[in-house]
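Worksheet: the structure to be examined is printed underneath.
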Amino acid sequence: MVNKKQIIKSLFKDRECVIATMHKKEEAIAPIIEKELGIKVFVPNDFDSDKFGTFTGDIERMGDQYEAARHKGKGAMKLYKKTLSISSEGTFGPHHEVFFVPVNKEIVMLIDSEKDIEFTGVSITTETNFSHATVKSFEEAYEFALKSGFPEHGIVIKVEKSLIRKPIIIKGITKKEELKREFEFAIKKSRKKEIYIETDMRALYNPTRMKNIEAATKDLVKNLFNLCPKCNWPGFGVIDRKKGLPCRGCGFPTNHILLDIYSCKKCGHSEEKKYPNNKESVDPGECSYCNP
Ligand SMILES: [Zn+2]
Ligand SMILES: [Zn+2]
């Protein structure tokens with residue numbers, strides 16, 4: 001019986017990992033990484049992750065979520081001369097199936113440039129306060145804030161370009177008096193006497209998001225601990241899925257997932273695992289022959 005923890009820890013023994021973050025994400029990430037992987041964590045106090053894109057739209061993000069995380073991680077490794085990095089990246093947007101339900105997807109990525117490997121953890125949840133509104137009075141603004149988990153969760157006030165000569169963005173508002181002061185400042189300058197208010201999604205202003213980053217970190221650890229059955233390399237993971245789970249009524253294959261294909265990044269060994277959702281057949285109600 002192999003000791004998984006020993007195998008993982010020997011990969012990272014005596015090495016320091018830079019956490020490419022500046023919004024206190026290390027509070028969610030570091031304790032798990034240190035405990036589970038035995039990695040020494042280095043948190044730079046001058047890493048400007050905003051250079052790689054922000055949520056409030058003032059700086060555009062580079063590439064997709066994975067590219068963005070990779071970009072941050074590699075940037076930080078170069079900057080602080082480390083061979084290990086952890087970076088994270090979140091997105092917020094409407095659910096792809098349920099309208100008006102916002103979804104937060106967090107990824108946490110570990111890159112090892114010495115061994116040329118990369119692992120990712122993912123957590124997707126509808127547990128998010130992601131929201132925005134246009135308001136005309138302080139009462140409306142305060143009501144929006146309270147609904148969004150204020151003051152534990154921060155608020156952002158904006159006046160857009162179309163309503164003002166020089167756009168206003170005030171982030172990280174966490175006090176009622178502050179909200180009132182900034183609201184009055186902004187509304188005075190707005191041509192239409194309305195302002196834009198939104199939830200601050202930066203991790204340190206958003207405990208709900210912080211929890212999801214923690215979940216993605218745990219997923220990263222879980223993925224790492226999946227060792228290749230042949231060579232014990234970490235990250236033995238799903239690289240493809242095959243549809244064709246049979247219908248219980250007619251027996252024909254359906255569009256539901258039949259099996260996952262796992263593959264090792266080091267030796268190339270691959271395995272198929274059937275019934276990933278612990279279901280061996282599909283209800284005829286969900287079959288396109290039985291229920292067209
Ligand atoms: Zn059927
Ligand atoms: Zn292998």
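Derivation of every value follows stated rules applied to the coordinates shown; laboratory data play no part. From a predicted model like this one, the values you see are computed outputs, not experimental measurements. So basically every Cβ, Gly included, is an ideal-geometry build from the backbone, and we count neighbours across all protein chains shown.
General remarks:
- GluC sites (Glu not before Pro) within segment 119-159, DSSP loop, no more than 15 other Cβ atoms inside 10 Å: 127, 152
- Here the spin labels are modelled as points 7 Å beyond Cα on the Cα-Cβ line, and at residue 184 and residue 74 they lie 5.1 nm apart.
- Shape of the chain, Cα gyration tensor, a/c cut at 1.5: oblate
- Here is the list for segment 60-137: trypsin sites (Lys or Arg not before Pro) lying in DSSP coil, each with at most 11 other C-beta atoms within 10 angstrom of its C-beta, are 81.
- Placing +1 on the Cβ of every Lys and Arg and -1 on the Cβ of every Asp and Glu, with no other charges, gives segment 86-201 a dipole of roughly 1140 debye about its Cα centre.
- Among the listed pairs 4/211; 35/211; 161/188, those beyond 22 Å (Cα-Cα): 4/211
- CD proxy at 222 nm, helix term only [per DSSP H run n ≥ 4: -39500 (n - 2.57); per residue of the chain; nearest 500]: -8500 deg cm²/dmol
- Mean separation of Cα contacts under 8 Å, 6 or more apart, over the residue count of segment 132-200: relative contact order %: 47 percent
- When the chain is treated as a GNM with alpha-carbon contacts under 10 Å, the residue of 223, 277, 129 showing the greatest mean-square fluctuation is 277.
- Farthest toward the positive end of the dipole of segment 110-205, out of 203, 125, 151, is the Cα of 151, where the dipole comes from beta carbon charges about the Cα centre.
- Relative contact order [Cα under 8 Å, 6+ residues apart], segment 237-286, whole percent: 37 percent
- Candidates per chymotrypsin sites (Phe, Trp or Tyr not before Pro) in segment 196-292, loop by DSSP, up to 16 other Cβ within 10 Å: 225, 289
- Most fluctuating residue given options 132, 256, 71, as computed from a GNM of the chain linking Cα atoms under 10 Å: 256
- Residue with peak Gaussian network fluctuation, the chain [Cα springs, cutoff 10 Å], from 121, 93, 251: 251
- Spatial separation of Cα centroids for segment 168-186 and segment 257-284, in angstrom: 51 Å
- Other residues whose C-beta falls under 15 angstrom from the C-beta of residue 281 contribute a net charge of +1, scoring Lys and Arg +1 and Asp and Glu -1.
- The magnitude of the dipole of the chain, with charges of +1 and -1 set on the Cβ of Lys/Arg and Asp/Glu and taken from the Cα centre, is near 500 debye.
- Among beta bridges that DSSP assigns inside the chain, antiparallel share in %, nearest 5: 85 percent
- Here's the picture: charge each Lys and Arg Cβ at +1 and each Asp and Glu Cβ at -1 in the chain, and of 245, 269, 23 the one pushed furthest to the positive end of that dipole is 23.
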